[in-house]
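Asks: Submitted below is the structure of interest, expressed as structure tokens.
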Amino acid sequence: MRWIGAFILGNLLWYGITFVAGIVLANIGYEYRSSWSNFHNFIFYPLGVWLGFKITKTSFFGSNWPALLEWFYVRTVPYPNVIAGVLVGIGNTSWTTVAGASAIWGFIWVVWSIVRGSPWILGFVHKAVMDKGWSLTRAWAAALFIEYFTAVSTALPIGCIAFAIKGWIT
């Protein structure tokens, strides 16, 4: 019930913010354009709902937030690599540059995974150190190698397929 109350409060705040913004914009001489109304809704609605949940100190995603993040991460890991593979295949002029760009993409993916604190890498390192008795350096090296290999093994074949299709089309 608390979540629904926070959501309703957020919607009421959205109406209030929209009303106040309309008054303020009319007083400063802003000309209303109906083509901009969705822009205001995309800004004011999330703001109102966010304020509703902040005011009531309610979590929007509930107490399962870490589990939800893990679920989302596990299901979306391949997509950036697939997109990079397609772009690598379309954007290069030879098979060797496709392979080189895929290798570079692997390094970019590893750096991105480290920066965002990949739950998979952190979990792997934790299990390797605690359960297998590996040193921290060995665990990190193995985790980063596996992450690199996963990125390249996804991007390279898709890049080659995209490059071949580009060659057949042109």
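The values are calculated or read from the model by the stated rules, or taken from the named source; none is laboratory data. Just so you know, these numbers come straight off a predicted model, no measurement behind them. In this analysis, Cβ positions are derived from the backbone assuming ideal geometry, glycine residues included, and neighbour counts consider all displayed protein chains.
Asks: When you look at V125, is it modelled with pLDDT of 85 or more and surrounded by 18 or more Cβ atoms within 10 Å (Cβ to Cβ), yes or no?
Replies: Yes.
Asks: Let me ask you something else. Any residue at all in segment 149-160 that is within 17 Å of the chain's Cα centre (by Cα), at pLDDT 80 or above and either among the aromatic types (F, W, Y) or under 30 Å from I8 (Cα atoms) (or both)?
Replies: So far as segment 149-160 goes, no, none of its residues is within 17 Å of the chain's Cα centre (by Cα), at pLDDT 80 or above and either among the aromatic types (F, W, Y) or under 30 Å from I8 (Cα atoms) (or both).
Asks: Would you be able to tell me the number of residues in segment 27-51 that are among the aliphatic types (A, V, I, L, M), assigned to a helix (DSSP H, G or I) and modelled with pLDDT under 85?
Replies: 1
Asks: If we scan segment 3-26, do we find a residue that is in contact with a Gly (Cβ under 9 Å, 6 or more places away or on another chain), farther than 30 Å from S153 by Cβ and at pLDDT below 75?
Replies: Checking segment 3-26: not a single residue is in contact with a Gly (Cβ under 9 Å, 6 or more places away or on another chain), farther than 30 Å from S153 by Cβ and at pLDDT below 75.
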